[in-house]
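For reference, the structure is listed below as structure tokens.
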Amino acid sequence: MGNQREQGRGALSPDADPRPARGWACAIVTGVALVCLHVGLVWLSLEFQYEKPHSEMPIRAMVALELVASAVFLLAVWGIRSARGADRTLLTWMIGVGLLLRVIMMVSNPMLEDDYYRYMWDGAILANGVNPYQYAPAHAREGASGVPEQLLRLARQPESVISRVSFPEIRTIYPPVAQVAFSVAYALRPWSLLALRIVLLFFDCATLILVLVVLRSLRLPSALAIVYWWNPLVILQTISAAHPDVIALPFVLAAILLSLRDCPFQAAFMLALAVATKLWPVVLLPVVLFPLRKRPKTLLLSFGLFAAVTALFFLPVYLAGLDSSSGFVSYGRYWEMNDALYKVLAGIIKLITASVSLDGSYTPLIGRTLAILILAMWSGWLLKSTSDAPAQIWERSMLIVAATFLLSPTGFPWYYLWVAPFLAIRPSPSLLLLNCLLPLYYLADYFSARTRSEAFDNVVVWFEYAPFWMVAAWEWLRSRNSSQATII
């Protein structure tokens, strides 16, 4: 009895660890705040109508709400990390709030986004048995010769979205597995944004489950999944804007997990599915295959399987042709937006080409080639300098994917979903900060509506990226000093 009283006094004494209680309090306050902020976003989204000029939309209010939500999100992450663990009840709260945030955003109007019209159109084409890479939307809308009757019939439907598809003269860029997801949404309910959001939510939930599996395998607190599940950028881009980048995430995580569990063929197959959803996961092929470097036969077979499955999936793209009307060709050659590091590279290349009187039209090709070379060198250095420990492999993967985003000519916020699940496994302060500053991208529409695009390109972009680079430099210096102290 005396021992029990002593234990009871110890549990309530000033010396008891207060961190779990602080974590709970922070999770409750920030969770409620995020719910309120997302209700506010839904209410604000009513002002974002397709027919309404951007100059009349409350863009600054939208960006401000997203930035406040991001600040609250950072506070939630800090609270969970400071707790150094979490019980099942806290995990249930975290999952429930994240799901509620997604349900709330299901009824929002997409704000400053219209790409989902292309997804709906592509899904309708595939669901009607036509190769979505064969014809541009303009072909069906204008009744061009040779267009299948199914497409002409779809274009004539009153509820068809074809008149709202952006860049209608360009054939689709979205890879085959994404096209299957679009067609499933069409099968659930034709021309329905809600159906598309439900399909994306399925992959979103699958990503959460795999993040929890990874955290458990690394013996990390399961509540760290809050970094993905409460992330306002993930919720906005996946549910409200209905961007399909989330579809690739479960395949990517599964590929790395299978590689760590020495299932090379299954890992190669999963990575091929990821590449057939969005092209970027190909940068993780060295990570998936690197553990096989001492088993050349298995390495060769795994690479062959990956190449064969990828080629099979992209066969419809090849058959449709890769001319200037192909979205893959057009995007690869010309697209550039919201970039910082690539902007610097392109600027340097322009100065060099001008000094040697070289045709400036080669700048995009040279810039993209140089970015790929830098990414390859960065990946090679990471593979060589880090161990094969699982935690190191996950961090290595995150750094490669983050470099892919940073070196890309197009730094769209929805592309940052590529990094989001890795941040739950390795919450890097600099990458979390960049995550929270990316909503500034939407000010591009604000300035464009006022014919001041240069203000965004030359000023606002640096407010997005400069803080990230400063914090990243601080992280690097701290880790370097720490490693030197360990050696001494």
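For the reader, a short list of remarks on this structure follows.
- Here THR451 and LEU315 are evaluated by their C-beta separation; at R0 = 60 Å the FRET efficiency comes out at 0.85.
- Cα-projected label distance for ARG219 with ALA376, points at 7 Å along beta-carbon direction, nm: 4.0 nm
- Placing one equal scatterer on every Cα of the chain and applying the Debye formula, the log10 ratio I(q)/I(0) at q = 0.08, 0.11, 0.12 Å⁻¹ is -0.53, -1.01, -1.21.
- Compactness ratio for segment 116-194: Cα radius of gyration over 2.2 N^0.38 Å (N = residue count) comes to 0.95.
- Under 16 Å from the TYR362 label point (7 Å along Cα→beta-carbon), backbone N, segment 329-346: 346
- The label-point distance for LYS384 and ALA473, in a model that sets each label 7 Å from Cα toward Cβ, rounds to 2.6 nm.
- Sum of -39500 (n - 2.57) over DSSP H runs of 4+, divided by residues of the chain (222 nm, nearest 500): -21000 deg cm²/dmol
- Loop trypsin sites (Lys or Arg not before Pro), segment 292-377, which have at most 13 other Cβ atoms in a 10 Å radius of their Cβ (DSSP): ARG293, LYS294
- Modelled label positions at CYS36 and GLN49, each set 7 Å beyond Cα in the direction of Cβ, lie 3.0 nm from each other.
- Short to long, the 5 Å bins of the Cα pair-distance histogram for segment 399-488 hold 3, 13, 20, 21, 16, 12, 8, 4, 2, 1, 1, 0 percent of all pairs.
- In percent, rounded to a whole number, the relative contact order of the chain is 16, using alpha-carbon pairs under 8 Å and six or more apart.
- Separation of alpha-carbon centers, segment 392-410 and segment 314-380, rounded to whole Å: 18 Å
- Taking Cα centre as origin and charging only the Cβ of basic (Lys, Arg, +1) and acidic (Asp, Glu, -1) residues, the dipole magnitude of the chain rounds to 1380 debye.
- Viscosity 1.002 mPa s, temperature 20 °C, Stokes-Einstein D of segment 229-356 from Kirkwood C-alpha radius, µm²/s: 124 µm²/s
- Distance between the C-alpha centres of segment 426-476 and segment 212-266: 24 Å, rounded to the whole angstrom.
- FRET efficiency for ARG153 and TRP335, using Cβ-Cβ distance with R0 set to 41 Å, rounded to 0.05: 0.80
Each reported figure results from applying straightforward, stated rules to the coordinates on display, with no laboratory input. Every value quoted in this text rests on a predicted model; they were computed, and no experiment measured them. Glycine gets a Cβ as well: all are built from the backbone with ideal geometry, and neighbour counts include every protein chain shown.
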